[in-house]
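Here is the structure we will look at.
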Amino acid sequence: MPKVRFIDPEGTVTEVEAEPGRSLLDIAEEHDVKLGSACGGVCACSSCHVWVRKGGESLSEMEEDEEDRLDMAFDVRQNSRLGCQARLDDEDVEVEITEESIEAWYNEHPERRHERKLPRPG
Ligand code: FES
């Protein structure tokens, strides 16, 4: 099975094996990786924004909805994807979780804010 390596802005690295066809968000949620999902994974926010460092060409192709939604994200780069839309194939992938995304995750999990290592915004 292909591996997915998540690197978050706090320096936490999580490497897991996952079945092809699953979304990066599903895989993250299954392994307690801090990837935001404010809309519940239906391409209606940008809180699952990641930068794909390796294996991007093997992920499912970006569709128009994802492209439109990414336009509203912060710090969009060539390798930006939405974790709920990008699906794994049979290649290993490495993704960096954006600050936007981990912030959203902490907002969704106020009971875990004590774990936060990022400097407070502002
Ligand atoms: S979780 Fe909202 S767009 Fe991915």
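Values quoted throughout were computed directly from the atomic coordinates according to the rules given, and no laboratory measurement underlies them. Note that the structure is predicted; figures quoted are calculated from it, not measured. Ideal geometry is used to build each Cβ from the backbone, glycine not excepted, and the neighbour counts take in all protein chains shown.
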When Leu118 is evaluated against the numbered criteria (1) more than 25 Å from Glu19 (Cβ to Cβ); (2) part of a loop (DSSP other than H, G, I, E, B); (3) out of contact with any Pro (no Cβ under 7 Å at 6 or more places or on another chain), which criterion, by number, is the only one it fails? (3)
Residue that is surrounded by the most Cβ atoms within 10 Å (Cβ to Cβ) [pool: residues in segment 2-59 that are of a type in the set (Lys, Arg) and farther than 19 Å from Phe74 by Cα]: Arg5
Among residues of segment 65-80 being free of Cβ contacts under 8 Å to residues at least 24 places away in the same chain and touching a Cys at 6+ places or on another chain (Cβ under 8 Å), the residue farthest from Pro2 (Cα to Cα) is Asp65
Answer yes if at least one residue in segment 93-104 is surrounded by 14 or more Cβ atoms within 10 Å (Cβ to Cβ), part of a loop (DSSP other than H, G, I, E, B) and acidic (Asp, Glu), and no otherwise. no
With (1) within 20 Å of Glu10 (Cα to Cα); (2) in contact with a Ser or Thr (Cβ under 7 Å, 6 or more places away or on another chain); (3) of a type outside the set (Val, Ile, Thr) as the list, and Ser80 as the residue in question, which single condition is left unmet? (2)
If you go through segment 11-58, how many residues are in contact with a helix residue (DSSP H, G or I) (Cβ under 7 Å, 6 or more places away or on another chain) and under 17 Å from Tyr106 (Cα atoms)? 11
Counted residues, segment 26-45 - those being within 6 Å of the ligand (Cβ to nearest atom) and either at negative phi or of a type in the set (Val, Ile, Thr) (or both): 5
